[in-house]
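Let me begin by presenting the structure, written as structure tokens, before commenting on it.
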Amino acid sequence: MTFDLWSMLALLGLICLVGLGLWVIVPQLYGLPRGSARPRQIRQGLRLARIQPGERVYDLNASEGRALVIAAREFHARAIGVEVEPLHGTVAWLAALFSGVVGRVSIRRHSLFEVELLDADVVLLSLTPSLMARLQPDLARRVRPGTRVVSLSLDFEGWEPTDIDIGHLIFLYHMPPVPGSIDTFLQSHMGADTPPAPSALGTYDPASQRTGQVP
């Protein structure tokens, strides 16, 4: 009996270690941020995209499913989460299940560089600067014209945003992108005398693997 108890505890400990490894190590191997953006920033990003009920929203870093639940429950969207790590994908699905929106949420276990995006109405990004730079060259070709891309905390270098939420550090782009920058957006919307804006890339915090988080 004592042997069985210790064996069970050892097995449980091993399962916990494997789960912890999947949760922490695998995302780091792919250079993904640790965890989702804050709910308020996600919610404001989806508002900025003016999501309509039934539209397809892709979250390219689904993590624990926070953005998927918000998109499906509050905006009545069809939320598709892209997650390379199986444990995060399972947790995201469970979050949708327990939130009562599992019928409007699906999880795809793919790399964000390989997943099919042609049916996306909105693509939500919460990535690191290196992943943004790798994603940018092919992104416009992978989506339909008119697709909205919402980037939380980081802008795309060389692209002019369609809209910006400075307070929440959110950048909206319509595909295909227009050449420009944050500065050209501010100058065209707020006047030629607007001082240059500091790049959102400067808010990256390597210690947390997050970029410009807002509370």
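The values are calculated or read from the model by the stated rules, or taken from the named source; none is laboratory data. This structure is a prediction, so every number in the text was calculated from the model and none was measured. FYI the Cβ positions are ideal-geometry reconstructions off the backbone, even for glycines, and counts take in every protein chain you see.
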Count of residues meeting criterion [at pLDDT 95 or above, under 14 Å from Gln44 (Cβ atoms), hydrophobic (A, V, I, L, M, F, W, C) and more than 16 Å from the chain's Cα centre (by Cα)] in segment 130-169: 1
Pairs, first farther than 13 Å from Leu154 by Cα and without any contact (Cβ under 8 Å) to a residue 24 or more places away in the chain in segment 167-184, second in a strand (DSSP E or B) and of a type outside the set (A, V, I, L, M, F, W, C), C-beta under 8 Å, six or more apart: Val178/Glu160; Pro179/Glu160; Gly180/Glu160
Count of segment 115-129 residues which are more than 16 Å from Ala79 (Cβ to Cβ) and within 14 Å of the chain's Cα centre (by Cα): 3
If you go through segment 179-215, how many residues are assigned to a strand (DSSP E or B), surrounded by 14 or more Cβ atoms within 10 Å (Cβ to Cβ) and at pLDDT 95 or above? 0
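Conditions tested, residue by residue: (1) over 21 Å from Ile51 (Cβ atoms); (2) assigned to a helix (DSSP H, G or I); (3) of a type in the set (Gly, Ala, Ser); (4) in contact with a strand residue (DSSP E or B) (Cβ under 8 Å, 6 or more places away or on another chain).
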{"site": "Leu112", "(1), (2), (3), (4)": "no, no, no, yes"}
{"site": "Val123", "(1), (2), (3), (4)": "no, no, no, yes"}
{"site": "Ala133", "(1), (2), (3), (4)": "yes, yes, yes, no"}
{"site": "Leu139", "(1), (2), (3), (4)": "no, yes, no, yes"}
Condition first: part of a helix (DSSP H, G or I) and surrounded by 14 or more Cβ atoms within 10 Å (Cβ to Cβ). Now tell me which residues in segment 98-107 satisfy that. Val102, Arg104
Give the residues of segment 122-168 that are among the charged types (D, E, K, R) and either touching a Lys or Arg at 6+ places or on another chain (Cβ under 7 Å) or surrounded by fewer than 22 Cβ atoms within 10 Å (Cβ to Cβ) (or both), sorted by residue number. Arg134, Asp138, Arg141, Arg142, Arg144, Glu157, Glu160, Asp163, Asp165
Top-ranked residue of segment 16-72 - restricted to ones that are acidic (Asp, Glu) and either touching a Ser or Thr at 6+ places or on another chain (Cβ under 9 Å) or at pLDDT below 95 (or both), ranked as nearest to Ser153 (Cα to Cα): Asp59
Odd one out for Leu94, checked against (1) buried (at least 20 other Cβ atoms within 10 Å of the Cβ); (2) under 19 Å from Ala72 (Cβ atoms); (3) out of contact with any Phe, Trp or Tyr (no Cβ under 8 Å at 6 or more places or on another chain): (1)
Going through segment 108-121 one residue at a time, which ones are buried (at least 21 other Cβ atoms within 10 Å of the Cβ) and either in contact with an Asp or Glu (Cβ under 6 Å, 6 or more places away or on another chain) or polar (S, T, N, Q) (or both)? none
Considering only residues that are of a type in the set (Gly, Ala, Ser) and outside any strand (DSSP E or B), look in segment 70-81 and name the one that is surrounded by the fewest Cβ atoms within 10 Å (Cβ to Cβ). Ala72
Checking the structure you have, find out if any residue of segment 82-96 is in contact with a strand residue (DSSP E or B) (Cβ under 7 Å, 6 or more places away or on another chain), in a helix (DSSP H, G or I) and among the aliphatic types (A, V, I, L, M). yes
Considering residues that are part of a helix (DSSP H, G or I) and either of a type outside the set (A, V, I, L, M) or surrounded by fewer than 24 Cβ atoms within 10 Å (Cβ to Cβ) (or both), the number found within segment 54-69 is 1
